[in-house]
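Remarks on the structure that follows.
None of the figures in this text is laboratory data; all of them are computed from the coordinates on show. This one's a predicted model, so the numbers in the text were calculated from it and none came from an experiment. Note that we place each Cβ from the backbone using ideal geometry, even for glycine, and neighbour counts take in every protein chain shown.
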């Protein structure tokens with residue numbers, strides 16, 4: 001029974017994930033009619049309807065959702081192992097998908113990846129911007145990048161960046177019209193550039209430290225972004241104060257384009273880590289990437 005169903009299960013998984021017979025057929029390299037016939041035969045053998053079909057969409061039924069959740073992890077494991085065997089050659093090869101925040105991509109990953117990609121021309125790396133806490137297994141990423149305090153306990157991780165802190169900055173033009181804040185609580189009197197958290201849809205409360213105690217301040221202003229570099233640009237143009245990783249603002253402060261304030265209240269955060277499920281350990285390409293990204297400090 002299992003041998004008869006394995007290809008049909010792969011076909012069902014493709015349709016359920018793509019929510020489209022047309023896209024699934026293209027992914028599998030078969031005709032849409034052949035794919036429809038396969039799904040009908042699978043439903044007939046199992047005696048339940050797995051997919052709800054309308055003229056506009058395809059969606060799993062309750063039984064289909066249960067089957068999808070039950071088989072996806074196992075089929076992914078099988079594909080990963082087959083892929084790993086195919087990579088056992090002189091040079092590691094394959095595609096690695098990584099979800100990471102904007103700052104992590106630009107300042108942690110990219111400086112190391114430039115050398116890595118030249119050294120391993122057969123490895124492809126796909127970086128996907130993700131400022132939230134995406135489930136990398138569900139979204140089919142090979143790895144993700146998060147600060148140490150946000151790592152899931154069931155993941156393997158490798159530190160890839162040093163500790164860092166955020167800096168409150170504003171343009172010289174802004175401070176010509178506003179006094180410099182002397183305490184984080186003074187920020188409520190200032191125009192600040194907010195950052196919206198993708199996971200909770202709330203604005204990020206700026207976090208500080210005073211005498212070893214955590215201090216959070218909810219700021220307000222005309223602008224809010226979900227990208228740290230947009231907030232930097234707005235601050236450079238005088239639209240308010242921004243709370244940005246220190247490494248990004250250093251060249252702007254040194255050239256007088258930004259002014260840093262409240263430096264003594266800015267705590268250091270646990271640096272970025274690459275994290276991933278254990279099934280990826282057998283891939284030579286992935287092992288090479290982890291070693292290249294690992295923080296050596």
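Brief remarks follow.
- Listing 268, 107 from fewest to most neighbouring C-beta atoms within 10 Å gives 268, 107.
- Look at the alpha carbon pairs under 8 Å that are at least 6 residues apart: their mean separation over the length of the range 164-269 gives a relative contact order of 46 percent.
- Distance between modelled label sites at residue 154 and residue 17, nm, 7 Å Cα→Cβ extension: 1.9
- Rounded to the nearest 0.05, the FRET efficiency derived from the C-beta distance between residue 7 and residue 278 at R0 = 35 Å is 0.80.
- Mean separation of Cα contacts under 8 Å, 6 or more apart, over the residue count of the chain: relative contact order %: 22
- Overall shape: rounded for the range 1-83, with the ratio a/c of the largest to smallest alpha carbon gyration tensor axis below 1.5.
- Angle in degrees between helix 284-293 and the longest Cα principal axis of the chain, rounded to the nearest 10: 0
- Computed from Cα positions, the angle between helix 2-18 and the longest principal axis of the chain comes to roughly 40 degrees.
- Relative to the longest principal axis of the Cα atoms of the chain, helix 110-119 runs at roughly 50 degrees.
- Here the calculated FRET efficiency for residue 133 and residue 97, from their Cβ-Cβ distance with R0 = 25 Å, stands at 0.90, rounded to the nearest 0.05.
- Rough spin-label spacing in nm, given labels placed 7 Å along Cα→Cβ, for residue 227 and residue 210: 3.5
- Efficiency of FRET between residue 82 and residue 114 - r from beta-carbon atoms, R0 30 angstrom, step 0.05: 0.50
- Gain upon complete extension [residue 49, residue 188; 0.36 nm per residue less C-alpha separation]: 44.4 nm
- When the square roots of the Cα gyration tensor eigenvalues are ordered a ≥ b ≥ c, the ratio a/c for the range 164-269 is under 1.5, which makes its shape rounded.
- Mean ellipticity per residue at 222 nm, deg cm²/dmol - from DSSP H runs of n ≥ 4 across the chain, formula -39500 (n - 2.57): -11500 deg cm²/dmol
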